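First up is the structure itself, then whatever we jot down about it.
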Amino acid sequence: MLCFKRNVFLRTALLIFIVIGLTSCVEVKQQINLYKDGSGDARLEVAVQEMWAPQVVPELKSDMPKEWNIIEEKAKEGKQVIIIGRKFKDISELNDGETEYAFSSERKGFMKKSYNIEIKQLKSSDMPFPYEVTIKTPGSIEETNGQKISSGEVKWSLQGLRRGTELTVKSSAFAMPDFAALKDSFNKVFNSVFYREAIVFLRDDNLWVMDSDGKNERQLTKEGVGSWSISRDGKIVFDRFVLFRGKDMTDLNIYYIDSVKDDAIKRLTGDNKSITPLISPDGKKVVFQKFRWGGETYIGSGEGIWTVDLRSGKQKELLGVVPIPDEIKRKRNELSARFREGEMDKKRWLRDKNLIWSYDGKQLLFSRFYKQGGYVTYIVALEDRHHPVAPPDEFNPGALDLYGSKMLYFDNPSFSFYIYDLNTKKPYLLAKNIFIMGILHFSVNTLTKNIDSLTRYISKNSLA
């Protein structure tokens, strides 16, 4: 299947075997290693019995094209083995008029690419010898008509090369997301949210709305806004908690505006300890934290994370006390001991911060600030709320966003930007020597006009 010009290298050598019916005296193995960009390398191993080697090996060497090199020659188990190989930038470079090679790739979703490999035999060979083909693919194999021998390797055992024979394999692998679309956001208004034909923004601690062309400004709130969130269909939720605005925080409740076209404000909670609301991607419910204000000390205490249904107004506790992973607790306690501070206590946290929905609304990412030990990031599935997961400590405090099992993470000490895979427990470096201000989100659809928050990248070397 991997043939040189006019197949002289095998035709001449194997003619003797065909005539006397001894094709089993030769073995041919082909190995192709493919990379994500379609480049790779190919190897061909021909093993013949030692008695026929003086005739076969010279013919093979004399017909070998200049792109190929001899890798190894050796005697093994009564046979003479010659291994030749070459590299290629595109697998189609292996086409020889008798066999056609094709490779293609396409993006599937935000962080996945699929790869398709096809090998077609255009002409039948008059050499019915055993031929083994092995391909190492980029990523994990999903479909093939060969024998899968590992997650990324497949093999075919052929008896001769017949016209119409097709070898196919399809694989997929993680692909770095394209953040080029974020460049268009750098010079836009900071802390604004675009919704269809309206822009909602914060001015002087109150929410305003205007048309997408900047006309018809209108004030939505008048009594102050702390944290706020907007859905894709224009629903708005907010609280009135503004730290340091006053020691006596008399209104710690969540409010709701059904549409940017509607000025009516409804109160969702009345317990005077509900803050930091975040509306779900489908616009049906809101997640928030219960928080007891500490008065003159400016230090409060957390009382868990809750959800409220926007239609019924029914509240439900999502998380209360959360177990701290032993390894994280050990490391934080060792650090606290150096400063003679107390140990971490899962029941004593000051607040929950950076609540972030996954884009399918099935998971929640948040950071809990403990009285001793600092922030710990957790991920909780709404269908399995009793088993939150905390990433390892080195990929914990700087969590920015969540998409499936992938978590955006910024490492402040090294000024590096990563994606951490919670399933494989492996980090993927995206960029070095950058500084992030604000909150960065995955761009699930590069066509969307919605901007949850704007991110400014500043070179570490440019910081004064």
_Dipole-positive endmost among G302, S312, S259 within segment 256-375 (Cβ charges, Cα centre)_ = G302
*Counting Lys +1, Arg +1, Asp -1, Glu -1, what net charge surrounds S172 among other residues with beta carbon under 9 Å of its beta carbon?*
+3
*What net charge is computed for the residues neighbouring V154, neighbours being all others with C-beta under 13 Å from the C-beta of V154, Lys and Arg scored +1, Asp and Glu -1?*
-1
_Sum of side-chain charges, T144 neighbourhood, beta-carbon under 14 Å (Lys, Arg +1; Asp, Glu -1)_ = -1
*Enumerate the lysines that K266 could reach by cross-link, defined here as Cα to Cα under 23 Å, with residues fewer than 8 away along the same chain left out.*
K222, K235, K284, K285, K290, K314, K316
*First check a/c for segment 361-432, with a ≥ b ≥ c the square roots of the eigenvalues of its C-alpha gyration tensor; if it is under 1.5, answer rounded, and if not, answer prolate when a/b is larger than b/c or oblate otherwise.*
oblate
*How do the peptides 59-72, 133-146, 399-412, 210-223 rank, highest first, by the average count of neighbouring beta carbon atoms within 10 Å per residue?*
399-412, 133-146, 59-72, 210-223
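None of the figures in this text is laboratory data; all of them are computed from the coordinates on show. Here the structure is a predicted model, which is why all the values come from computation and not from measurement. All Cβ positions, glycine included, derive from the backbone under ideal geometry; neighbour counts span all protein chains shown.
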